[in-house]
Each structure stands twice: as C-alpha cells, then as structure tokens.
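Here the structure comes first, spelled out in structure tokens, and everything after it is commentary.
The values are calculated or read from the model by the stated rules, or taken from the named source; none is laboratory data. Computed from a predicted model, the values in this text were never measured in an experiment. Note that we place each Cβ from the backbone using ideal geometry, even for glycine, and neighbour counts take in every protein chain shown.
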Amino acid sequence: MTQEPKDRSELTGVVRAAELVAVQTGSVISRTILKKTAGTVTAFAFDAGEGLSEHTAPFDALVMNLEGEADVSIAGAPHHLTSGDILRLPAGVPHAVKAITPFKMVLIMIKA
C-alpha cells in the first residue's frame, strides 16, 4: 500500500518500486519520489522504443532497472540493462536511454 503525504512529493511507508509509475503507450513518464538539496529520486516508465536523447547531468546518478530491457549509452559506449541491473552515470558525461521493451527505472541523482 502506498501512503502519500498531502503534497504528494514524497512517499512514506513500504512501496512496490515497479508500481511507482505505469508504462503508457508511446510515452516516457516520470514521477519525482524524493527531492532534497542533496539530490533527487525519480521513477521513469518508457514504452518500448521510447527514450531520452543524449544529454549530460551536473551530478553523478545511478540507474536502477526495475523491469524490462534498455540500452544506455555513456560517452558512446553501449550498456544493455535487464531487470535488477544498476548502472552509474558519471557527472558531465553524455548519456542516453532507449527502451528495448517496456522499461521502468529509478534514477537516483546525488548532488555534490
């Protein structure tokens, strides 16, 4: 059971991670789970074939694959993720995400 405070910006209690966000046809959906000065935790759901184009972030991040398969490139190097995999995205290094199957992930960004 998900318990949410009135502002809905943070979850409390036990939550099934794969149920944080639902895959929607032809879309990439995101939901901020936690937002603090030290960093953010965001859940994403990608339909098969959808993705995020190459970009950089100013802080290190961890991708935690909850369901499905995706290809993530870091500085052009490919990484294939399957359920349960974790991948570090280094600060300032270009990266991109492409869902191979419907794909759910949690992105943890640590500001330093």
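Quick look at the numbers
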| read-out | value |
| --- | --- |
| Test for residue 8: is it loosely packed, with under 15 Cβ neighbours inside 10 Å, modelled with pLDDT under 95 and either on the phi < 0 side of the Ramachandran plot or not small (Gly, Ala, Ser) (or both) | yes |
| From 91, 77, 70, 45, residue being exposed (fewer than 13 other Cβ atoms within 10 Å of the Cβ), modelled with pLDDT of 95 or more and aliphatic (A, V, I, L, M) | 77 |
| Residue identified as polar (S, T, N, Q), modelled with pLDDT of 95 or more and more than 28 Å from residue 91 (Cα to Cα) among 3, 24 | 24 |
| Enumerated strands (runs of 3 or more DSSP E) restricted to segment 37-112, each holding at least 1 residues that are without any contact (Cβ under 8 Å) to a residue 40 or more places away in the chain | 70-74, 77-81, 86-89 |
| Members of segment 20-33 found to be surrounded by 14 or more Cβ atoms within 10 Å (Cβ to Cβ) and aliphatic (A, V, I, L, M), listed by number | 20, 21, 23, 28, 29, 33 |
| Only listed residue being hydrophobic (A, V, I, L, M, F, W, C) and over 23 Å from residue 23 (Cα atoms), chosen from 97, 63, 93, 72 | 93 |
